[in-house]
1. Restricting the search to the range 253-276, which residues are open to solvent by less than 30 Å² (accessible area, probe 1.4 Å) and among the β-branched types (Val, Ile, Thr)?
2. Looking at the range 219-248, which of its residues are within 9 Å of the ligand (Cβ to nearest atom) and either over 20 Å from the mean Cα position of the chain (by Cα) or closer than 19 Å to ASP138 by Cα (or both)?
3. Is it the case that the range 57-68 has a residue that's free of Cβ contacts under 8 Å to residues at least 12 places away in the same chain and either closer than 22 Å to LEU151 by Cα or surrounded by fewer than 16 Cβ atoms within 10 Å (Cβ to Cβ) (or both)?
4. (1) open to solvent by less than 60 Å² (accessible area, probe 1.4 Å); (2) in a helix (DSSP H, G or I): which one isn't true of GLU34, the others all being true?
5. Enumerate the pairs (first residue in the range 7-19 and assigned to a strand (DSSP E or B); second residue anywhere and open to solvent by less than 80 Å² (accessible area, probe 1.4 Å)) with beta-carbon separation below 6 Å, excluding pairs fewer than 6 apart on the same chain, so at least 6 apart or on different chains.
6. Out of the range 80-101, which residues are open to solvent by 40 Å² or more (accessible area, probe 1.4 Å), touching a Phe, Trp or Tyr at 6+ places or on another chain (Cβ under 8 Å) and in a loop (DSSP other than H, G, I, E, B)?
7. Among strands (runs of 3 or more DSSP E) lying entirely in the range 115-218, which contain 2 or more residues that are without any contact (Cβ under 8 Å) to a residue 40 or more places away in the chain and away from the ligand (no atom under 14 Å from the Cβ)?
8. If ALA29 meets every condition in (1) farther than 25 Å from ALA279 by Cα; (2) in contact (Cβ under 8 Å) with a residue 12 or more places away in the chain; (3) open to solvent by 80 Å² or more (accessible area, probe 1.4 Å) apart from one, which number is that one?
Amino acid sequence: MGRIVYVNGEYVDEAEAKISVFDRGFLFADAVYEVSSVLNGQLIDNNGHLTRLHRSLNELSLDAPASDAEIETAQKALIEKNNLKEGLVYLQVSRGAADRAFHFPENTPTSLVMFTQELNVINSPAAEKGLAIITVPDIRWGRRDIKTVQLLAPSLAKMAAKNAGADDAWMEENGYITEGSSNNAYIITQDGTIVTRHLGNEILAGITRKAIVRLADENNMKVEERLFTADEAKAAAEAFISSATTFVTAVVSLDGQQIGDGKPGPITQKLREFYIEEALASIQ
Ligand code: PMP
């Protein structure tokens, strides 16, 4: 037996799980998703993820497939059924199955799918070593603030990184970094200011980003939400990424150029510690 996954109210073995070939998530990428991390068998910052899920649903006139309480109950049940200690819970809401047509179908219930994945989020080798990043053009659509499953451009970005012998990619548009292929991007200037792009349609408002900006603030670290270029990043003291599954992970080179001393920097490490400390405290 494989994993137990959740499909529209049922808990089934992954081999038995079925979604229609007419599902609009499959045919049109007409679906949104969320990823919540799991530590010690418990969800981290899940309210933030469910809040953003509602925003994504609203922006696309999608109906919520279940109440937040029902979704969270199912997430917890999946963690339990799969005996997941550390990793993630993925959830996806699609507009459901209907004859193929561009207009949204009427009276078609949305579909909800969830599954778990194991992952070392705390003792991550990438966080120890730091990431080598390349820049790629940001070829995604204009509403990156909505967390849709249109992930072909990020897949291509990650493959470009892999083929270049790097760990990941940062995307660039009009001369500025937008964000990472599946994370928010930050630099720390020589005077210790944490810089990350301001929110807008061009990037996803990371739930981890929100926590980091707040934690930096609470610890009297200076944060600027503004544009920055790859050149500024290369000249920075430190750089890092954030996401639900990487927390805070250092970036040690950009397009082959070392950042700082080529090791995870002290401010980056502090922020990672702050984030993990708070996450662990939230599940005591
Ligand atoms: N930007 C993009 C493009 C992402 O895919 C993600 C992670 N899904 C993030 C930022 C980080 O968001 P979060 O901290 O909510 O995981």
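The values are calculated or read from the model by the stated rules, or taken from the named source; none is laboratory data. What you see is a predicted model, and the numbers here were worked out from it, not measured in a lab. Using ideal geometry, Cβ is built from the backbone for each residue, glycine included, and neighbour counts are taken over all protein chains shown. Side chains are part of the model used for accessible areas, which takes the heavy atoms of the whole protein and leaves out ligands, DNA and RNA. Shrake-Rupley method; radii C 1.70, N 1.55, O 1.52, S 1.80 Å.
1. Listed by number, the residues that qualify are ILE259, THR268, ILE276.
2. Hits for the range 219-248 are ILE241, SER242, SER243.
3. Taking the range 57-68 and keeping what is free of Cβ contacts under 8 Å to residues at least 12 places away in the same chain, we get 58, 67.
Narrowing further to those that are either closer than 22 Å to LEU151 by Cα or surrounded by fewer than 16 Cβ atoms within 10 Å (Cβ to Cβ) (or both): 58, 67.
Yes, the range 57-68 has at least one match.
4. Going through the list (1) open to solvent by less than 60 Å² (accessible area, probe 1.4 Å); (2) in a helix (DSSP H, G or I), GLU34 breaks only (2).
5. Final answer for the pair search is VAL7/ALA17; VAL7/VAL113; TYR11/ILE4; ASP13/GLY2.
6. The first filter runs over the range 80-101 and keeps only residues open to solvent by 40 Å² or more (accessible area, probe 1.4 Å), leaving 80-81, 83, 85-86, 92, 97, 99-101.
When the remaining residues are screened for being touching a Phe, Trp or Tyr at 6+ places or on another chain (Cβ under 8 Å), the result is 81, 92, 97, 99-100.
Within the range 80-101, ASP99, ARG100 meet the criteria.
7. It comes to none.
8. The single condition ALA29 does not satisfy is (3).
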